[in-house]
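Okay, so here's the structure we're looking at.
The values are calculated or read from the model by the stated rules, or taken from the named source; none is laboratory data. Bear in mind the structure is a predicted one, so any value in this text is a computation, not a measurement. A quick note on method: Cβ atoms are made from the backbone with ideal geometry, for glycine too, and the neighbour counts reach across all protein chains shown.
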Amino acid sequence: MPHTDRASLWSAAGAAGRLSERALLGAEASVTLNELVRGSSLGGRLEELRGRSVLVATRDQLTAALALIELDAVASRLVLCPPDLPVTHLPWVMATAGVDALVSDRAAPGPGTPGVRTFVTCTPRIAPVGPERNGERPTEWILLTSGTTGQPKMVVHTLSSLAGAISGGGTPANAAVWSTFYDIRRYGGLQIFLRALLGGGSMVLSSAEESTADFLIRAGARGVTHISGTPSHWRRALMSPFAHRIAPRYVRLSGEIADQAILDHLRAFFPKAGVAHAFASTEAGVAFDVGDGFAGFPAGLIGQQNADVEMKVEDGSLRIRSARTATRYLGDEDGPLVDRDGFVDTGDMVERRADRYHFVGRRGGIINVGGSKVHPEEVEAVINGHPHVRMSLVRTRKNPITGALVVADVVLTEELEAANGRVAELEHEIMQRCRETLSRHKVPAAIRFVSALAVTPSGKLVRHDA
Amino acid sequence: MATTTSVRSAVTSGFEQVAREQKKTLAPLSDGLVLLDSGLDSLCLAIIVARLEDSLGVDPFSAGSDVAFPVTLGDFIKLYEDAAH
């Protein structure tokens, strides 16, 4: 059953026992949980952060993990800064979350964090501290997720909403070593981190600076038993000659649509492992795990009464209500996170085929390229900035490596015939423009010149969801 | 139907073109080259697969789940040769 009475992350991790045998294993350093009983990664400065709104902006995942363990129930707010947050968004993030303290593993505050009152360095070299740590303040956990305008949304959780899907209480006999291809500052990665801590396991943390091969070798050497990633992470892992270095008991997929092919590939490659795909989002929390080896989910999950997680389908999209959903957005631009009845609209469109529901894509055509979201409008705006473009439609194209790619249909201002001689040149110019202003995964993989695009009676481009 | 030579050259020129576009340093291409060591990431490989589907008319990855993911460039070329014939 889900625990709702966890006083703090540290006390819950401790309650799972065997602290001297459990560790957080980073690419460069490792820390056993036992070291944290009378030690700190924060150089004895924990008290300075009590009651503060703390931005955790570290380079390394291990230092982030240590800071989260120490600061839950001490800080009033923990803002988890994902590694790829553009510096230009930092001032807004800090102002909106009322950040008045910064924890980092860098020597000094980075750019974009002016005027922060307190700067505390976090390191994997654990220093002894005096009294045992205590904290009873419920801390707000703020996760960042990409918003429609490129500005991130700040999603408010608590330890109990984040841990709602975790049953906890592992037994020493099957002590789990968890790992994930995700960064733990993303919802999907944080779930695995919490599973390791609350369930009595250890955790191998990934590193952005490490190759897939090196990560698999390290995870294998540490005896990883439970490992998660997006379907794209897994496709990449299966293309590595070192995939056989890991021998997990449990393989988990989330964050993208898990198609039948990747489920079958994983089952064939790891015949002794249970393969499960989960549906979760930063806003809606963990909704369900499917372990039967088939894509989609059983139709019976929809409409169950009095379940921990209630789900319904409305206007084609999956709606979720549970104690695991986030509380609200921080900042007023984003509106309410749940509807009148407390359901989160996931924006994920589903379709019933026989006795299962299948995910078919995102509402509004948000494209998921290997776990990174792309808003078509953002790419269209760049393409439409070219003087010879009248209009464009950015859409998804299915891909067996990243799940989807971005492609664009472009209508030129001149008649296509007249521009014919220049088509290759124009394509090059448009691509160049996209590469200069957009992240790599947002740049169209292909441009197709068309004579017209369909427009609805209300004057909007016709977008197909899937 | 594409010939064996044309499949091979379509694949290798695809690798070279995407590496140029994505400003990646491509390792010397040989059949034994491990794809993840080629200097190209998942996004690059995804673009190559999409373009090969357009030029060769096949997507061997989606053909069936009994096909193992390719590890080397040689595996990758063979996947396309088998699918194109």
Report task. Could you tell me whether B:A68 is small (G, A, S), buried (at least 17 other Cβ atoms within 10 Å of the Cβ) and either over 23 Å from A:H233 (Cα atoms) or more than 13 Å from the chain's Cα centre (by Cα) (or both)? Result -> no
Query raised in the report: Taking helices (runs of 4 or more DSSP H) that do not extend beyond segment A:134-249, which have at least 2 residues that are in contact with a helix residue (DSSP H, G or I) (Cβ under 9 Å, 6 or more places away or on another chain) and under 30 Å from A:G331 (Cα atoms)?
Result: A:159-162, A:187-198
Report summary line: Within segment A:290-316, residues being part of a loop (DSSP other than H, G, I, E, B) and surrounded by fewer than 16 Cβ atoms within 10 Å (Cβ to Cβ) number 12
Query raised in the report: Just one of A:L78, A:L90, A:L102 is outside any strand (DSSP E or B) and within 18 Å of A:R59 (Cβ to Cβ); which is it?
Result: A:L90
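Filtering segment B:32-85 down to residues that are part of a loop (DSSP other than H, G, I, E, B) and aliphatic (A, V, I, L, M), which residue is nearest to the other protein chains (Cβ to nearest Cβ)? Talk me through it step by step, then tell me what you get.
Pass one, segment B:32-85, residues part of a loop (DSSP other than H, G, I, E, B): B:32-33, B:38-41, B:57-59, B:63-71, B:85.
In the following step, the residues that additionally are aliphatic (A, V, I, L, M) were identified as B:33, B:40, B:58, B:63, B:67-68, B:71.
Values: B:L33: 11, B:L40: 11, B:V58: 12, B:A63: 9, B:V67: 9, B:A68: 8, B:V71: 5 Å.
The extreme case among them is B:V71.
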Query raised in the report: Which residues, counting only those in segment A:217-232, are surrounded by fewer than 24 Cβ atoms within 10 Å (Cβ to Cβ) and either without any contact (Cβ under 8 Å) to a residue 40 or more places away in the chain or within 9 Å of chain B (Cβ to nearest Cβ) (or both)?
Result: A:I217, A:G220, A:A221
Report summary line: segment A:350-438: strands (runs of 3 or more DSSP E) wholly inside it with 2 or more residues that are within 14 Å of another protein chain (Cβ to nearest Cβ) and within 30 Å of A:Y187 (Cβ to Cβ) are A:367-369, A:372-374, A:389-399, A:403-412
Query raised in the report: Given the conditions (1) modelled with pLDDT of 95 or more; (2) within 14 Å of another protein chain (Cβ to nearest Cβ); (3) crowded, with 18+ Cβ neighbours inside 10 Å, which single one is not true for A:D214?
Result: (3)
**Report entry** Which numbered condition A:D84 misses (of (1) over 23 Å from A:G189 (Cβ atoms); (2) free of Cβ contacts under 8 Å to residues at least 24 places away in the same chain; (3) not in a helix (DSSP H, G or I))
**Finding:** (1)
Query raised in the report: Among A:R236, A:R245, which is the only one that is within 14 Å of another protein chain (Cβ to nearest Cβ), among the basic types (K, R), out of contact with any strand residue (DSSP E or B) (no Cβ under 8 Å at 6 or more places or on another chain) and crowded, with 22+ Cβ neighbours inside 10 Å?
Result: A:R236
Report task. Please enumerate the residues belonging to segment B:14-31 that are within 11 Å of chain A (Cβ to nearest Cβ) and either in contact (Cβ under 8 Å) with a residue 60 or more places away in the chain or not charged (D, E, K, R) (or both). Result -> B:V18, B:Q22
Query raised in the report: Would you call B:V11 closer than 21 Å to A:P241 by Cα, buried (at least 16 other Cβ atoms within 10 Å of the Cβ) and at the interface with chain A (Cβ under 10 Å from one of its Cβ atoms)?
Result: no
Query raised in the report: Are any residues in segment A:349-372 in contact with a Ser or Thr (Cβ under 8 Å, 6 or more places away or on another chain) and free of Cβ contacts under 8 Å to residues at least 60 places away in the same chain, and if so, which ones?
Result: A:V350, A:I367
Report task. Within segment A:266-287, track down each residue that is surrounded by fewer than 22 Cβ atoms within 10 Å (Cβ to Cβ) and either at pLDDT below 95 or not in a strand (DSSP E or B) (or both). Result -> A:R267, A:A268, A:F269, A:F270, A:P271, A:K272, A:A273, A:A280, A:T282
Query raised in the report: Taking the stated definitions as given, is A:G335 free of Cβ contacts under 8 Å to residues at least 60 places away in the same chain, farther than 30 Å from A:T225 by Cβ, in contact with a Lys or Arg (Cβ under 7 Å, 6 or more places away or on another chain) and surrounded by fewer than 16 Cβ atoms within 10 Å (Cβ to Cβ)?
Result: no
Report task. Tell me which of these A:R252 doesn't satisfy, since it passes every other one: (1) more than 14 Å from chain B (Cβ to nearest Cβ); (2) buried (at least 24 other Cβ atoms within 10 Å of the Cβ); (3) not in a strand (DSSP E or B). Result -> (3)
